[in-house]
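Notes follow once the structure below has been shown.
The values are calculated or read from the model by the stated rules, or taken from the named source; none is laboratory data. Remember, predicted model here, so these are calculated numbers, not experimental data. Note that we place each Cβ from the backbone using ideal geometry, even for glycine, and neighbour counts take in every protein chain shown. Please note that ligands, DNA and RNA were not included when accessible areas were found on the heavy atoms of the full protein model with its side chains. Shrake-Rupley method; radii C 1.70, N 1.55, O 1.52, S 1.80 Å.
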Amino acid sequence: MIKLRKPLMLKSKKGFDVYAVIIMIVGIWILAFVTISMFAKNNRLETQLGLGEKQLGLLSTYAAAEKALLFVDDSAKLAIEQAAYKYGKSGFYYSGAVCGSSGDFSYWANDTIIPADDCVPKTKQCYPDEPMLKWTLSTFFYYDLYDFISSFNSVSKIEIPFNYEQPFTVSPVVGRTEIVGISKEPVAITAPNVKYEVKPSFRESIARDVIGDGVSVVAVARQLAGEKEKDARSLVKAADGTGGLDWNEKFDYSKAESSCTYAIGSCACCETVETCEEGEDDPDTGEFVCKKKGTSEVPVDDGTEYRTVPYDSFDIPMSVKVNDPDSGTGHRQFFIYDEAAKKVVLKELEYKFAVNWVEDHPEDSSTSCLCGTGHPC
Amino acid sequence: MKREKMLFKRGKNGQFGLEKIFSYIIYGLAVMVFIVLVNLPGCILDKGQLKAVIESDATLKAEVKAEAQLNSYLRAQMPDKALLFERLDWLKNKKKEGYVFAGQFDEGKVKRVKEFTDGNPEAYVGKDYSGFISSLQAIYAVSNNDGKNRIKEAFELVTAAMFFRSARDKTQKIGHVLYALPIAVDFDPKDLKPSRTDYSLCTLEKDFKEFEVCSDNRPYELFYAKFWQAVQAVPLHDGGFAKVELRYYPEPLSWLPKP
């Protein structure tokens with residue numbers, strides 16, 4: 001028993017400790033590795049960048065891109081104002097109303113009455129709907145923004161790409177008109193070891209809902225056509241002030257009398273011809289000799305019958321402005337570049353349109369027959 | 001007896017071998033401390049290497065700061081009429097205390113600027129500072145000489161009222177100084193390069209194009225101090241652009257609080 005214990009006691013006291021050997025080897029290896037790494041650096045400390053230099057280089061790249069982005073944002077603000085003004089002035093149509101125009105006013109309703117249509121009044125209506133309002137504003141905005149970006153690119157080393165998803169999104173925001181431009185191409189800035197790309201998208205707005213204004217104006221305009229003067233003025237007076245809009249209560253209500261004449265078909269007319277009431281044959285020549293001449297009406301078929309239809313043409317050109325108590329004139333104003341005057345002027349935001357309709361008087365129409373000799377039967 | 005012996009043997013080698021474990025831990029700590037000491041600058045690094053490790057380029061920092069400052073100025077919302085007038089009056093009153101704005105905010109000038117802003121709300125209401133600059137250019141382009149001077153004054157004082165700074169300055173009787181960084185605008189630039197870097201931004205110098213509008217309210221300490229110039233383009237209503245330049249002056253040492 002005693003013999004067994006001794007060997008056991010010997011192992012536990014002086015037994016070979018593998019763990020300690022491993023730790024020792026690992027420790028020496030780590031120290032050697034660290035020391036060699038310290039002295040054998042490929043990139044000497046003196047040649048490395050200073051504290052934060054890489055980070056500042058990145059920030060500098062961001063700052064360069066920020067210049068371009070700031071210009072895009074500022075340009076979008078100016079472009080929205082210019083676009084809103086043009087949109088109102090053009091009667092909410094980019095290339096002119098399909099119903100025609102009269103001076104500065106685009107027709108939203110325009111009756112025509114022409115002889116070729118038998119003088120039947122034809123009503124043409126071009127009231128712009130909300131999608132048209134947004135499209136018009138977006139189109140004006142596109143070309144205005146393009147001008148701004150082009151002027152920047154002409155002098156800047158950083159080029160702003162003008163490649164946006166079309167059309168620009170006119171977002172519904174209460175009391176504001178917001179346009180969102182999503183760029184498809186980024187602004188690229190290349191610096192040593194850095195290539196930074198950022199898309200010049202934007203979201204800008206003006207403090208007036210011009211789309212909502214357009215919808216309100218069109219709704220009232222639809223009711224105007226066909227109204228008597230007194231009723232039309234009452235309608236405009238009732239709309240005045242609603243939604244911050246200042247309707248021109250002193251608008252011109254013009255009535256012009258006119259008429260339309262059209263051909264309705266042929267009619268019989270008579271022609272006076274010479275006849276012989278009395279005569280006889282010449283015994284010598286055998287020819288008939290008239291002794292007594294007379295005249296007679298002979299019907300001829302060369303006349304055309306016309307009908308003349310009198311009618312009244314009514315015209316209401318209308319201008320609606322936007323109230324703004326902070327403005328010098330009481331109406332919202334924008335700085336706008338006047339192409340004709342070649343300068344920037346302060347102009348009031350104005351929505352302009354016109355409606356026209358006719359009222360004919362068929363009971364007052366008259367017919368007449370016109371023949372070649374002018375002789376009715 | 002047997003039981004006691006066995007227990008004694010365990011006790012000799014340490015309960016659960018803790019002595020051994022702690023000795024290994026201490027050994028590991030010593031290794032780590034050595035590694036840390038070796039990596040500390042100054043232990044084996046010389047002065048040149050030390051400098052390379054901790055130095056930084058102040059120029060690049062200041063350039064970035066100048067650009068960021070100008071961008072933030074241009075995006076700043078213009079105050080409404082009440083707040084703007086309040087600031088103008090506040091700075092005018094400071095004139096009496098001998099502040100650096102003493103030469104700019106006299107009674108007559110402040111009155112004219114108020115009249116201008118009152119008569120031209122479209123120039124600043126609802127706009128940011130870059131929109132204000134665009135609007136000023138539109139008014140400037142159609143003004144006579146008197147109108148142009150009014151616009152210059154308006155720009156100078158409104159800019160100071162929006163962006164004035166306060167710095168501790170023990171040389172001043174009141175203990176601090178009010179100032180504003182110089183900003184100048186060229187309404188008809190040919191390029192986007194800094195226009196001048198060796199003269200005062202707003203001083204008329206021979207052969208230099210005068211800025212249409214300029215605001216410079218620096219204290220004496222910054223007259224000859226080093227600066228960094230930032231440039232930004234601002235779109236104008238006529239489709240062109242204006243060049244806005246800002247000079248950024250880091251605060252001098254005398255203004256910084258002592259440790």
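Please list, in order along region A:107-115, the HN-Hα scalar couplings obtained from phi with the Karplus expression 6.51 cos²θ - 1.76 cosθ + 1.60 (θ = phi - 60°), rounded to whole Hz, x for Gly and Pro.
Using θ = phi - 60°, the values come out as 6, 9, 9, 8, 7, 10, 9, 10, x Hz.
Can you tell me the FRET efficiency between residue B:115 and residue B:29 if r is taken as the Cβ-Cβ distance and R0 is 56 Å, rounded to the nearest 0.05?
Between residue B:115 and residue B:29 the formula returns 0.15.
Relative to the Cα centre, what is the charge dipole magnitude of region B:123-259, using +1 at the beta carbon of each Lys and Arg, -1 at the beta carbon of each Asp and Glu, and rounding to the nearest 20 debye? Working shown, then result.
Values: 18 positive and 18 negative charges, 111 e Å.
Dipole magnitude for region B:123-259 comes out near 540 debye.
Chains B and A: how much accessible area gets covered up at their contact, both sides added, probe 1.4 Å, in Å² to the nearest hundred?
4700 Å²
Would you check the accessible area of residue B:202, probe 1.4 Å, heavy atoms only, in square angstrom rounded to 10?
About 50 Å², rounded to the nearest 10.
Along the charge dipole of region B:106-208, pointing to its positive end and built from +1/-1 on Cβ of Lys, Arg, Asp and Glu, which listed residue (B:167, B:189, B:129) has its Cα farthest out?
Looking along the dipole axis, the top candidate is B:167.
Mind scanning A:157/A:343; B:94/B:190; A:89/B:111; B:114/B:243; A:237/B:148; B:170/B:190 and naming the pairs with a C-alpha gap bigger than 32 Å?
Table pairs above 32 Å Cα-Cα are B:94/B:190; A:89/B:111; A:237/B:148; B:170/B:190.
What ranking of A:29, B:90, B:255 comes out by heavy-atom accessible area, probe 1.4 Å, highest first?
The ordering from most to least exposed comes out as A:29, B:90, B:255.
Counting only protein heavy atoms, probe 1.4 Å: which residues of region A:334-354 lose 50 Å² or more of accessible surface in the full assembly compared with their chain by itself?
The answer is A:335, A:344 - residues whose exposure falls by at least 50 Å² when every protein chain is included.
Can you bin every Cα-Cα distance in chain A into 20 Å intervals starting at zero and give me the percent of pairs per bin, rounded to whole numbers?
Histogram of Cα-Cα distances, whole percents per bin: 18, 27, 18, 14, 11, 6, 3, 2, 1, 0.
Which parts of region A:187-210 would a label at residue A:54 reach, counting a residue when its backbone N lies under 17 Å from a point 7 Å out along Cα-to-Cβ?
In region A:187-210, the label zone of residue A:54 (backbone N under 17 Å from the point 7 Å along Cα→Cβ) covers A:191-196.
Can you tell me the 0 to 90 degree angle between the C-alpha axis of helix A:210-224 and the longest principal axis of chain A, rounded to 10?
20 degrees
Taking accessible area as the heavy-atom solvent-accessible surface of the protein chains with a 1.4 Å probe, which residues of region B:122-168 lose no less than 50 Å² upon going from the isolated chain to the full protein assembly?
B:122
For chain A, which whole-number percentage of the solvent-accessible area (1.4 Å probe, protein heavy atoms only) is attributable to carbon and sulfur atoms?
Ligands and nucleic acids excluded, carbon and sulfur reach 53 percent.
When ligands, DNA and RNA are left out and all protein chains stay put, how many square angstrom of accessible area per residue does region A:219-377 have with a 1.4 Å probe?
Solvent-accessible surface per residue comes out at 58 Å².
Could you list which residues have their amide H under 5 Å from that of residue A:158, counting only those 5 or more apart in sequence or on another chain, with H placed in the peptide plane?
Residues meeting the amide H criterion: none.
Of A:329, A:366, A:351, whose Cα points farthest to the positive end of the dipole of region A:319-369 (charges on the beta-carbon: +1 Lys, Arg; -1 Asp, Glu; origin at the Cα centre)?
With unit charges placed on the Cβ atoms, the residue in question is A:329.
What is the dipole size for chain A, taken about its Cα centre, with +1 at each Lys and Arg Cβ and -1 at each Asp and Glu Cβ, in debye to the nearest 20?
6960 debye
Would you please classify the overall shape of region B:109-205 from the alpha carbon gyration tensor, given that a ≥ b ≥ c denote the square roots of the eigenvalues, rounded means a/c under 1.5, and beyond that prolate means a/b larger than b/c while oblate covers the rest?
Here region B:109-205 falls in the oblate category.
Which one, A:232, A:254, A:198, projects farthest toward the positive side of the charge dipole computed for region A:171-258 from Cβ point charges (K/R +1, D/E -1)?
Of the listed residues, the answer is A:198.
Could you go through region A:229-246 in sequence order and give the Karplus-derived ³J(HN,Hα) for each residue, using 6.51 cos²θ - 1.76 cosθ + 1.60 with θ = phi - 60°, rounded to whole Hz, and x for Gly and Pro?
4, 5, 5, 5, 5, 5, 4, 5, 5, 5, 7, 4, x, 5, x, x, 9, 10
Going by alpha carbons, how many degrees (0 to 90, nearest 10) lie between the helix axis of A:53-89 and the longest principal axis of chain A?
20 degrees
Suppose R0 equals 41 Å; then what is the FRET efficiency for residue B:251 and residue A:185 from their Cβ-Cβ distance, rounded to the nearest 0.05?
0.50
How would region A:188-301 be classified by its alpha-carbon gyration tensor: rounded, prolate or oblate, with rounded meaning a/c under 1.5 and the a/b versus b/c comparison settling the rest?
On the way: a/c = 9.54, a/b = 2.72, b/c = 3.51.
Oblate, because a/c is 1.5 or more while a/b does not exceed b/c.
What percent does the relative contact order of chain A come to when contacts are Cα pairs within less than 8 Å and at least six residues apart?
17 percent
If you place +1 on the Cβ of every Lys and Arg and -1 on the Cβ of every Asp and Glu, how big does the dipole about the Cα centre of region A:195-324 come out, in debye to the nearest 20?
The calculation lands at about 2020 debye.
Rounded to the nearest 500, what is the 222 nm mean residue ellipticity of chain A from helices alone, with -39500 (n - 2.57) per DSSP H run of 4+ residues and division by all residues?
-11000 deg cm²/dmol
Under the rule of at least 5 residues apart or a separate chain, name every residue whose amide H is placed under 5 Å from the amide H of residue B:212.
Amide H neighbours of residue B:212, under 5 Å, 5+ apart: B:185, B:187.
Filter the cross-link list A:54/A:199; A:230/A:250; B:152/B:226 down to pairs whose alpha-carbon distance in this structure exceeds 21 Å. Please report the intermediate quantities before stating the final value.
Details: A:54/A:199 23 Å; A:230/A:250 12 Å; B:152/B:226 26 Å.
A:54/A:199; B:152/B:226, as the Cα separations exceed 21 Å there.
Rounded, prolate or oblate, given the Cα gyration tensor of region B:118-172, with a/c below 1.5 counting as rounded?
prolate
Under the definition of Cα pairs under 8 Å and six or more residues apart, what whole-number percent is the relative contact order of region A:97-147? Don't skip to the end; give the middle numbers.
Working: 44 pairs, mean separation 13.3, N = 51.
Relative CO of region A:97-147 lands at 26 percent.
Put a dot 7 Å past each Cα toward the Cβ at residue A:102 and residue B:200; how far apart are the dots in nm?
Between residue B:200 and residue A:102, the label points sit 6.4 nm apart.
When the Karplus curve 6.51 cos²θ - 1.76 cosθ + 1.60 is applied with θ = phi - 60°, which whole-Hz ³J(HN,Hα) does each residue of region B:22-28 get, with x for Gly and Pro?
5, 5, 5, 4, 5, 4, x
Relative to the longest principal axis of chain A, what angle (0 to 90°, nearest 10) does the C-alpha long axis of helix A:18-39 take?
Relative to chain A, helix A:18-39 is tipped by roughly 60 degrees.
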